[in-house]
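Heads up: the structure comes next, in structure tokens.
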Amino acid sequence: MKQLVRLRMRPSRDRKSFRYMLDYVNRGGQCHQISLGHADKRRAERQRYERELELRVNVTGPISMRLTDFFQDSLMRTKGQVRATTLNDAARTMRDFIECVGDIDVQDVRYEHGERFIQYCLTRNLTAGTTTKKVKQLKRGFQLAEDRGSTWE
């Protein structure tokens, strides 16, 4: 079985001692390096094992859904946490994004779609500030979805 978490030693700044580090990649594909802050091999190995179990238990496949469903779910989850005007603004931004890139699968959204959306906004004579606001709203929506992880099911 492939090891998901790697344990390594890192020398301290004074080069006279060392500390253990955990290296792993989370479900979102982000690399993490965590300093354990100690040099106890047994304790470090136990922490590595616990992190490994945590990653294995939380491993799920990506959830496939269309942008319309994804945005509708996102708006429902956000309702009551923000003002109604903010929610309406976000809904309008999401509709504009779908109009620009199409109702594609949420897993297929790429950086290029964001660039295309920026051009779409600018060609509709929106100001640079409004365009930036819309991009930030989309970015936050996708970030929240990534943070929520498998709780969509």
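The values are calculated or read from the model by the stated rules, or taken from the named source; none is laboratory data. The structure displayed is predicted, hence computed values, not measured ones. As a convention, Cβ positions derive from the backbone with ideal geometry for all residues, glycine included, and neighbour counts pool all protein chains shown.
Taken over the range 13-34, residues that are farther than 21 Å from GLU146 by Cα and surrounded by fewer than 11 Cβ atoms within 10 Å (Cβ to Cβ) amount to 5.
When the range 100-119 is filtered for residues that are free of Cβ contacts under 8 Å to residues at least 24 places away in the same chain and under 16 Å from THR130 (Cβ atoms), the ones remaining, listed by number, are CYS100, PHE117, ILE118, GLN119. When you check GLU50 against the structure, is it surrounded by 11 or more Cβ atoms within 10 Å (Cβ to Cβ) and modelled with pLDDT under 90, yes or no? Here the answer is yes, as GLU50 does meet what is asked. Among the conditions (1) in a helix (DSSP H, G or I); (2) at pLDDT 90 or above, LEU22 misses just one, which is (1).
Any idea which residue in the range 119-134 is nearest to the chain's Cα centre (by Cα), counting only those that are buried (at least 17 other Cβ atoms within 10 Å of the Cβ) and not hydroxyl-bearing (Ser, Thr, Tyr)? So that I can check it myself, show each step before the final result.
Initial filter on the range 119-134 (buried (at least 17 other Cβ atoms within 10 Å of the Cβ)): 120-121, 131, 134.
If we keep only those that are not hydroxyl-bearing (Ser, Thr, Tyr) too, we end up with 121, 134.
On the way: CYS121: 24, LYS134: 18 Å.
Looking at residues that are buried (at least 17 other Cβ atoms within 10 Å of the Cβ) and not hydroxyl-bearing (Ser, Thr, Tyr), I get LYS134.
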